[in-house]
Amino acid sequence: MAEGVLSARGLRVEFGLPGGRVARAVDGVDLDVAPGEIVALAGESGCGKTTLARALLGLERPTGGSVSFGGEPLRFSSRALKAYRRRVQLVLQDPTGALNPRHTVYDAVAEGLRIHGIADDEPGRVAEALSRAGLRPPEQFFLAYPHELSGGQRQRVVIAGALVLEPDLLVADEPVASLDASVRGEILSLLLRFKEDAGLGALVITHDLGLAWSIADRIAIMYLGRVVEQGPVEEVLTAPRHPYTRALVSVLPDSPVAEPIVLAGELPDASRIPGGCRFRPRCPAYASGEAAAVRERCEGEDPVLAGPESLRVACHLVHARMVA
Amino acid sequence: MTLLEFEDLRVTYTGSRGRIPAVRGVDLAVDAGEILGIAGESGCGKSTLAMAVLRLLPRSAEVTGRILLDGEDLLTMGWGRLRAVRWTGASIVFQGAMHSLNAVHRVGRQVAEPILVHGEASPAKAAARAEELLERVGLPPSRARSYPHELSGGQRQRVMIAMALACDPDLIIADEATTALDVMVQAQVLELLTGLVAERGVGMVMISHDLSVLSAVCGTAAVMYAGRIVERGPAHEVFAQARHPYSAALGAAFPVIGDPASRGRPGGLAGDPPDPARLPEGCSFRPRCAVAVERCGSESPELVAVQGAERSSACFVAQEGGPVVL
Ligand SMILES: Nc1ncnc2c1ncn2[C@@H]1O[C@H](COP(=O)(O)OP(=O)(O)OP(=O)(O)O)[C@@H](O)[C@H]1O
Ligand SMILES: Nc1ncnc2c1ncn2[C@@H]1O[C@H](COP(=O)(O)OP(=O)(O)O)[C@@H](O)[C@H]1O
Ligand code: SF4
Ligand code: SF4
Ligand SMILES: [Mg+2]
Ligand SMILES: [Mg+2]
């Protein structure tokens with residue numbers, strides 16, 4: 001495995017629920033993120049994105065499959081995890097919750113250095129991270145408290161806290177979801193610049209496909225714990241193949257898919273994943289008869305991601321068409 | 001037919017920071033059966049405008065101008081009349097409203113409550129009507145027996161919409177009603193709202209910071225900045241060919257998928273909106289404007305017609321036919 005690539009193979013995370021049921025939040029995910037590339041992970045609320053991110057960081061113990069970094073499987077001793085998290089950093093959903101209201105910006109950013117026992121030139125490192133995150137001049141922000149900052153500035157502090165350890169890879173969970181139109185552009189430009197100038201890799205989790213179009217190289221579409229389509233952003237978003245991806249893209253304003261396909265109902269519960277293809281109860285292709293030729297397989301067999309690197313799709317109908 | 005009309009509406013808060021002019025002279029109209037979109041960054045006065053309609057602003061807010069609902073001024077009407085209007089005349093679905101359901105009551109009861117209070121129905125009739133409303137917003141009627149924590153965010157937002165519909169209002173104000181929802185649920189809720197407008201001829205004011213969403217569902221869009229409307233026109237035109245630098249920047253923040261120009265170039269606008277307590281002299285957008293000219297520093301542009309009567313812009317450059325993006 002190439003240097004610095006973060007990989008998941010057959011990754012599963014299950015949660016036991018009261019009454020003996022099991023929520024399969026992440027249910028067999030394959031995913032790679034290489035240095036110098038931005039991968040977007042998109043899907044509906046509750047489909048397992050945050051759980052997957054946490055598992056990639058070793059914050060959630062997989063119940064199956066594996067996570068590896070640079071070809072080395074993730075080890076769960078606290079020492080191994082500590083070393084790992086210096087190289088792969090998590091940026092959390094909701095910047096307000098991620099910052100302690102009683103800590104100054106300086107302390108928030110320096111925290112990582114202290115955890116990792118990096119004592120030399122702390123002020124210099126903090127200043128450098130703040131200015132890389134666009135908070136300049138950094139000294140002006142040292143003594144500010146989170147409530148004195150705008151939402152965008154708070155998110156920059158969170159990003160500075162991740163950058164201060166000079167990681168190889170960022171995993172950012174909804175980095176702009178709570179931010180305004182204008183600030184959103186700034187934060188996304190920042191991520192893009194890290195990639196271009198420093199060769200940083202990033203997995204950006206979002207339910208916003210416009211974000212993926214703005215900054216990502218590749219995109220993975222997740223549905224109910226599994227990646228159902230994966231490929232270069234240009235291809236997946238302009239010519240979506242999986243019926244779920246088609247529906248997601250179709251409801252965007254000015255969509256490349258002509259007719260909006262508004263799916264009925266909501267994402268099923270992770271403890272009640274339907275048998276056969278997990279998307280079948282909401283699949284427009286199955287319901288309309290478009291998938292009649294593969295109907296039995298839709299009902300009996302959960303499709304796996306297959307196809308060449310540029311169009312990996314988990315759908316019997318798409319597979320049948322690829323063969324034809 | 002004009003349903004709602006703002007005439008020179010001004011709202012000024014007084015607080016520890018002094019006088020805060022949050023809305024500074026807004027003129028807008030909404031017809032029955034029409035959706036008016038209002039866009040703008042946070043803090044530009046959108047929610048203040050929405051709350052003014054139902055007189056939900058705090059006492060510290062000084063309100064002047066007129067807000068006419070079916071010709072009747074909401075700002076001067078008596079409290080008794082206002083109470084009736086609050087459900088049957090106009091209702092609001094708030095930003096983050098899904099968090100404001102009462103945790104200890106079943107949602108059916110919460111939807112039935114305004115019907116009981118304002119509709120003079122028996123409890124059994126109100127309960128039946130609540131189930132009907134839940135069904136109308138795409139929830140199984142059995143959901144009436146659920147508590148809020150048993151519902152997802154999208155389901156809770158639908159419950160809030162069912163409540164807003166309970167007394168058959170003529171006007172619905174949706175303040176960032178779909179912002180926190182993901183694409184598919186947002187599409188479901190928008191389809192529901194636009195369906196109501198088309199079928200029942202209600203009027204709607206839809207507030208959002210996402211101009212691309214407004215362009216898809218609204219007839220007319222108004223862009224608000226620092227308490228004023230800076231551009232107004234057919235929604236898709238305001239989004240696709242902005243005639244104000246601020247609308248252009250707002251629109252660019254949400255790229256059109258498939259458009260190569262926005263690939264790898266996240267749009268944005270540096271800086272923050274001005275503090276309403278300390279507005280800059282001249283055009284309030286000048287500190288962030290890339291196309292400003294000399295007079296922008298001293299004169300404040302009015303909202304005037306550009307390119308025919310339908311479009312108006314409060315920008316000197318646009319008014320002279322110049323380009324609003326570099
Ligand atoms: N600790 C837990 N115990 C039980 N179920 C859980 C737990 N954490 C997550 N889940 C369930 O796992 C599924 C995935 O949740 P997750 O938070 O990963 O979703 P998400 O895709 O990040 O959603 P959002 O877009 O709303 O952030 C959901 O069904 C959720 O209810
Ligand atoms: N109760 C209040 N007291 C004082 N200032 C307020 C109050 N509510 C809002 N404001 C101020 O009024 C301006 C407009 O706010 P708001 O209407 O909430 O904007 P938006 O909905 O567009 O985000 C902001 O500067 C905000 O800080
Ligand atoms: S496998 Fe069948 S049910 Fe599943 S997405 Fe494809 S067509 Fe639809
Ligand atoms: S009036 Fe001047 S400063 Fe204001 S938006 Fe137009 S060009 Fe920019
Ligand atoms: Mg999440
Ligand atoms: Mg608001």
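The values are calculated or read from the model by the stated rules, or taken from the named source; none is laboratory data. Just so we're clear, the structure is a prediction, and the values are computed from it rather than from any experiment. Positions of Cβ are backbone-derived with ideal geometry, glycine not excepted, and every protein chain shown enters the neighbour counts. Ligands, DNA and RNA are stripped out before the accessible areas are found, and what is left, the full protein with its side chains, is counted by its heavy atoms. Shrake-Rupley method; radii C 1.70, N 1.55, O 1.52, S 1.80 Å.
Observations on the model:
- With a Förster radius of 35 Å applied to the C-beta separation of A:ALA80 and A:GLU122, the computed FRET efficiency comes to 0.90.
- Accessible surface buried at the B:A interface totals approximately 2900 Å², computed with a 1.4 Å probe on protein heavy atoms.
- Along its first, second and third principal axes, ordered by size, chain A spans 66, 45, 41 Å in Cα coordinates.
- Convex hull volume per residue for segment B:88-220, taking Cα atoms only, in Å³: 97
- Residues whose placed amide H lies under 5 Å from that of A:VAL228, excluding near-sequence neighbours: A:ILE221, A:MET222, A:TYR223
- Cα extents of segment A:238-323 along the three principal axes, largest first (Å): 36, 31, 24
- Cα convex hull of segment B:5-77, projected area averaged across orientations, nm²: 5.1
- Counting all C-alpha pairs of chain B, share separated by more than 33 Å (%): 29
- Taking the charge dipole of the protein assembly as shown about its Cα centre, with +1 at Lys and Arg Cβ atoms and -1 at Asp and Glu Cβ atoms, the residue from A:GLY124, B:ALA128, B:GLY78 reaching farthest to the positive side is B:ALA128.
- Look at the dipole of segment A:238-323 built from charges on Cβ: of A:THR245, A:PRO284, A:MET322, the Cα furthest out on the positive end belongs to A:MET322.
- Separation of alpha-carbon centers, segment A:172-199 and segment A:216-232, rounded to whole Å: 20
- Spatial separation of Cα centroids for segment A:55-105 and segment B:112-151, in angstrom: 44
- Cα-projected label distance for A:GLU3 with B:ARG55, points at 7 Å along beta-carbon direction, nm: 7.1
- Once the 1.4 Å probe is applied to the protein heavy atoms, segment A:238-323 comes out at 47 Å² accessible per residue.
- Proximal charge balance of B:ALA305 [Cβ under 15 Å; K/R count +1, D/E count -1]: -3
- Extending 7 Å from Cα along the Cβ direction at B:GLU135 and again at A:GLU235 yields two label points whose distance is 4.7 nm.
- Temperature 10 °C, viscosity 1.306 mPa s: under these conditions the Stokes-Einstein estimate for segment B:258-326, based on its Kirkwood radius over C-alpha pairs, is 114 µm² per second.
- For q = 0.07, 0.12 Å⁻¹, Debye-computed log10 I/I(0) when each Cα of the protein assembly as shown counts as one equal scatterer: -0.49, -1.40
- Helix content alone sets the calculated 222 nm mean residue ellipticity of chain A: runs of n ≥ 4 DSSP H residues at -39500 (n - 2.57) each, divided across all residues, give -10000 deg cm²/dmol.
- For chain B, a Gaussian network of Cα nodes joined below 10 Å ranks B:VAL11, B:VAL117, B:VAL306 by mean-square fluctuation, and the top entry is B:VAL117.
- Euclidean distance of C-alpha centroids, segment B:1-67 and segment A:121-154, integer Å: 36
- Split the accessible area of the protein assembly as shown by element, probe 1.4 Å, and carbon with sulfur accounts for 50%.
- Among residues other than B:VAL104 with Cβ under 15 Å from its Cβ, the summed charge is +2 (Lys and Arg +1, Asp and Glu -1).
- Tilt relative to chain A, helix A:181-198 - C-alpha long axis, 0 to 90 degrees, to 10: 80
- What the Cβ-Cβ distance of A:GLU290 and B:THR14 gives, at R0 = 51 Å and to the nearest 0.05, is a FRET efficiency of 0.25.
- Surrounding net charge for B:VAL189, when Lys and Arg each add one and Asp and Glu each subtract one, Cβ distance under 14 Å: -4
- Rounded to 10°, Cα long-axis angle of helix A:105-115 versus longest principal axis of chain A: 80
- Angle in degrees between helix B:183-200 and the longest Cα principal axis of chain B, rounded to the nearest 10: 80
- At the listed q of 0.12, 0.13 Å⁻¹, the Debye profile of segment B:20-167, built from one uniform point per Cα, gives log10 I(q)/I(0) equal to -0.59, -0.69.
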